[in-house]
Structures are given as C-alpha cells and as structure tokens.
Amino acid sequence: MSQPVVVEVLTKQGCHLCVDALAAARQVCAEFGIEPLERDITTDEELLSIYAEELPVLLIDGRVKDFWRIDPQRLRRLLSETDAGR
C-alpha cells in the first residue's frame, strides 16, 4: 500500500495570494479526496528565510511544485500523476 499524497500550501497572514492559492488547492484536492495542509511560514524561521519572497508555495510530498499563483489545472495534472490519481 502506498503512502498518501501530502499537499501543503505555505502561507502567511495578510497575503491575498495565499488566500486564493489555498482556496484553489482545497477545491482541486477535494476532487482527489485530499485535504491540503496550510503552514504559516512566520512560525518557522528557516521556512521564512527560504520562501518569504515566493509566497504562496505549493508542495506535493515535500517538493516545491508551484509558487505565487496556484494554477488549478496544473495542480490537477500534478495530482493525477501521483498515487492520488490512481
């Protein structure tokens, strides 16, 4: 049995792009039976130093797949290529 796919959206408070990205991720992930995780980078100094200028950031299984704007079609394609799409 394979591991479940983990979708994570890195965000911070007051980021309107983050709100939009999280909504898009929730909508697409629901099609695959996945609940995306939201992670506020302001609570993690290392993540803040790495991703502060690229928010929001979409990770699938810990790997960066998109940033700034989350394209629902691209996310749908990426998920269909993982175990979530099988």
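The residue that is surrounded by the most Cβ atoms within 10 Å (Cβ to Cβ), among those in segment 11-51 that are outside any helix (DSSP H, G or I) and in contact (Cβ under 8 Å) with a residue 40 or more places away in the chain, is T11. Regarding segment 65-84, can at least one residue be identified that is surrounded by 15 or more Cβ atoms within 10 Å (Cβ to Cβ) and among the polar types (S, T, N, Q)? Within segment 65-84, one or more residues are surrounded by 15 or more Cβ atoms within 10 Å (Cβ to Cβ) and among the polar types (S, T, N, Q).
The residues of segment 1-32 that are under 11 Å from A84 (Cβ atoms) and of a type in the set (S, T, N, Q), listed by number, are S2, Q3. All conditions in (1) more than 26 Å from D83 (Cβ to Cβ); (2) modelled with pLDDT of 95 or more hold for E35, with the sole exception of (1). Within segment 52-69, if we keep just the residues that are of a type outside the set (A, V, I, L, M) and assigned to a strand (DSSP E or B), the residue that is farthest from T82 (Cα to Cα) turns out to be F67.
The values are calculated or read from the model by the stated rules, or taken from the named source; none is laboratory data. The model shown is predicted, which means the values in this text are computed figures rather than measured ones. Here the Cβ is made from the backbone with ideal geometry for all residues, glycine too, and neighbour counts use every protein chain on show.
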